[in-house]
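Undergrad: Got a structure for you, written out below as structure tokens; questions coming shortly.
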Number of protein chains: 2
Amino acid sequence: MSDNPSSNRRRTPIWLAIANALRNDISEGRYAPGDKLPTESRLSDRFGVNRHTVRQALSHLTEEGLVRSRRGAGSFVAATPTDYPIGKRVRFHQNLRAAGRRPDRKVLLIEQHAASKGEAAALNIQTGEMLCYYSGLSYADGQPVALFETLFPLTRLARIEAALAECDGITEALRRVGVEDYTRASTRLTAVLADATQALHLQIREGDPLLRSTALNVDPAGVPVEYGRTWFAGDRVTLTIED
Amino acid sequence: MSDNPSSNRRRTPIWLAIANALRNDISEGRYAPGDKLPTESRLSDRFGVNRHTVRQALSHLTEEGLVRSRRGAGSFVAATPTDYPIGKRVRFHQNLRAAGRRPDRKVLLIEQHAASKGEAAALNIQTGEMLCYYSGLSYADGQPVALFETLFPLTRLARIEAALAECDGITEALRRVGVEDYTRASTRLTAVLADATQALHLQIREGDPLLRSTALNVDPAGVPVEYGRTWFAGDRVTLTIED
DNA sequence: TGATAAGATATGTCTAGTTGTATAGGAAAA
DNA sequence: TTTTCCTATACAACTAGACATATCTTATCA
């Protein structure tokens, strides 16, 4: 604050002062979540320092989780971590909307294949029965939060493939094929490291930590309707376990 | 030195990750040989990167020989370097189309001359009988693959000259002059180096390897109808010998 | 039915701008 | 002297947009 960069009695390093100034700008709403910050070049002009000094400030804010930068695109104010409750009912879109955030999703692939031994066991069906494989990305406020791949038994849900392609979410698609309600039967969590493909999709770095959830959803009669795995970007989501 | 302990992870470049993902899709049969890949635009959406980054991935796969792209048309999974079966029936256009590629040809020269001693012997006719000399280039997906020069006996096929000029291929031209079918009587193969003229036509470098085929085709009665030599660009074609 | 023209798509190329990384060096503090 | 902080430069990797050019599709007309 009262530090003068040209003073030789400098208590705080220049980069820290810059980081504080930027953090202040953000907290005061001068830069809102999702906004693009000025380029490093412009910031180094504004603060009258070398670009590397600005970079150190930005890298500090990045580690704090306040800023996220994309090579070639710029630096952006990060959205706050999404709190993601896991309990009897897990509804991605509803959860996010309830938290005042804008949910979205992107379809990567929808296709059919025959159930392997493991998949059949998980869904409690016969090996070789047809499944619908559905993978995609979940976004919160335009920021990728999770990568999922999930399986639906086609013998139970014949028209799920078309429904998934047309609807905005799994809940909606399941309702269209006659599953009015479903609940979470089991959830298993582990931590893994992102491989190159996952990192690409989630816009994080290879080797960054992911939270992997393996879950089974069943209809009111207890029949499995969906079995899937989800990889959450570790720094963008907080999972909360409910009773 | 170690300003950021977590930054020592070696990161796969984005384009490489995309190339790997696509190669994986191809090897798993998601895109079969000859299939059209999604457009660069769609791929850049799917991977959440700029189109240029996708282009670098595709160009990598192209150099590997796994993908071929045609301006205005799209990118396609390569059906191996033109696999060219040599057996009883050798039909350039049909072979290429069966491999999912786009055949084309360019006429270099069509003229008449009297048979030399060697030519007469090959076609089993009298020295001095008139021949039709036909030379040109064969293309696959717009890329020159082979240079050929071939001879037709005019006493047997009077109007072949006009037919060659008008038709799209030898099979078609022969049919028009009454040869409904023909088979390969003999094929001899050697490897040679491209001279300056050949290199120019095939868009390769002088001294690059060529596969030279000397072949005789006969009609169902065993009468020679075509005797020719073909120079294949060695790196653009694989000859397969059939029974 | 077939040919042609026009429009929509898709790849190829070019220019410019932004962040990421590596290297080297100077000035002040420990 | 050594370490830390900052400057300076150069290049690599990725984004962004615009435009050129080839191809495919569709509509239209004869």
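Undergrad: Taking the range B:51-70, which residues are among the aliphatic types (A, V, I, L, M) and near DNA strand C (Cβ under 9 Å from one of its atoms)?
TA: Here is the first cut: in the range B:51-70, the ones among the aliphatic types (A, V, I, L, M) are B:54, B:57-58, B:61, B:66-67.
Across the range B:51-70, the qualifying residues are B:Val54, B:Leu58.
Undergrad: In the range B:144-175, which residue that is open to solvent by 30 Å² or more (accessible area, probe 1.4 Å) and in contact with a Ser or Thr (Cβ under 9 Å, 6 or more places away or on another chain) is nearest to B:Ser213 (Cα to Cα)?
TA: B:Glu149
Residue-wise test of (1) in contact (Cβ under 8 Å) with a residue 24 or more places away in the chain; (2) within 16 Å of the chain's Cα centre (by Cα); (3) open to solvent by 40 Å² or more (accessible area, probe 1.4 Å).
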{"position": "A:Tyr182", "(1), (2), (3)": "yes, no, no"}
{"position": "A:Leu193", "(1), (2), (3)": "no, yes, yes"}
{"position": "A:Leu200", "(1), (2), (3)": "no, yes, no"}
{"position": "A:Thr214", "(1), (2), (3)": "yes, yes, no"}
{"position": "A:Glu226", "(1), (2), (3)": "yes, no, no"}
{"position": "A:Trp231", "(1), (2), (3)": "yes, yes, no"}
{"position": "A:Asp235", "(1), (2), (3)": "yes, yes, yes"}
{"position": "A:Thr238", "(1), (2), (3)": "yes, yes, yes"}
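Undergrad: While we're looking at this one, here's another question. Report the residue count in the range A:63-98 for those that are assigned to a helix (DSSP H, G or I) and farther than 18 Å from A:Asp141 by Cβ. Step through it out loud before you land on a result.
TA: So in the range A:63-98, the residues assigned to a helix (DSSP H, G or I) come out as A:63-64, A:92-98.
Those still in the list that are farther than 18 Å from A:Asp141 by Cβ too: A:63-64.
Qualifying residue count for the region: 2.
Undergrad: Take A:Leu200 and decide whether it is closer than 28 Å to B:Arg23 by Cβ and within 14 Å of chain B (Cβ to nearest Cβ). Explain how you work it out, then say what you get.
TA: Details: closer than 28 Å to B:Arg23 by Cβ: yes; within 14 Å of chain B (Cβ to nearest Cβ): yes.
Yes; evaluated as a whole, the condition is true for this residue.
Undergrad: Can you tell me which condition A:Leu43 does not meet? The list is (1) open to solvent by 40 Å² or more (accessible area, probe 1.4 Å); (2) within 12 Å of DNA strand D (Cβ to nearest atom), and all the others hold.
TA: (1)
Undergrad: Just checking, does the range B:4-13 include any residue being modelled with pLDDT of 90 or more, crowded, with 16+ Cβ neighbours inside 10 Å and outside the structural domain of B:Tyr139 (by TED's automatic domain parsing)?
TA: First pass over the range B:4-13, keeping only residues modelled with pLDDT of 90 or more: B:13.
Then drop every residue that is not crowded, with 16+ Cβ neighbours inside 10 Å, which leaves none.
Scanning the range B:4-13 turns up no residue that is modelled with pLDDT of 90 or more, crowded, with 16+ Cβ neighbours inside 10 Å and outside the structural domain of B:Tyr139 (by TED's automatic domain parsing).
Undergrad: Also, I was wondering about something else. Do you know which of the residues in the range B:72-92 that are open to solvent by 40 Å² or more (accessible area, probe 1.4 Å) and more than 16 Å from DNA strand D (Cβ to nearest atom) is modelled with the lowest pLDDT? Steps first, answer last, please.
TA: Narrowing the range B:72-92 to residues open to solvent by 40 Å² or more (accessible area, probe 1.4 Å): B:72, B:76, B:80-81, B:83, B:88-89.
Within this subset, residues satisfying the condition of being more than 16 Å from DNA strand D (Cβ to nearest atom) are B:80-81, B:83, B:88-89.
Working: B:Thr80: 63, B:Pro81: 55, B:Asp83: 64, B:Lys88: 73, B:Arg89: 73.
Checking each candidate, the answer is B:Pro81.
Undergrad: Could you list, ordered by first residue, the pairs with Cβ atoms under 7 Å in which the first is in the range A:40-59 and closer than 15 Å to A:Asn24 by Cα and the second is within 7 Å of DNA strand D (Cβ to nearest atom), at least 6 apart or interchain?
TA: Partner pairs satisfying both residue conditions: A:Ala57/A:Trp15.
Undergrad: Of all residues being within 11 Å of another protein chain (Cβ to nearest Cβ) and open to solvent by less than 60 Å² (accessible area, probe 1.4 Å) in the range B:48-71, which is farthest from DNA strand D (Cβ to nearest atom)? Just the residue, please.
TA: Going residue by residue through the range B:48-71, those that are within 11 Å of another protein chain (Cβ to nearest Cβ) are B:48-50, B:52-53, B:57.
Right, trim to open to solvent by less than 60 Å² (accessible area, probe 1.4 Å) and you get B:48-49, B:53, B:57.
On the way: B:Gly48: 7, B:Val49: 3, B:Thr53: 3, B:Ala57: 9 Å.
Taking the candidates together, the pick is B:Ala57.
The values are calculated or read from the model by the stated rules, or taken from the named source; none is laboratory data. Worth saying up front: this structure is predicted, and the values here are computed from it rather than measured. Ideal geometry is used to build each Cβ from the backbone, glycine not excepted, and the neighbour counts take in all protein chains shown. Each accessible area value is taken on the protein alone, full model and side chains, heavy atoms only, with ligands, DNA and RNA left out. Shrake-Rupley method; radii C 1.70, N 1.55, O 1.52, S 1.80 Å.
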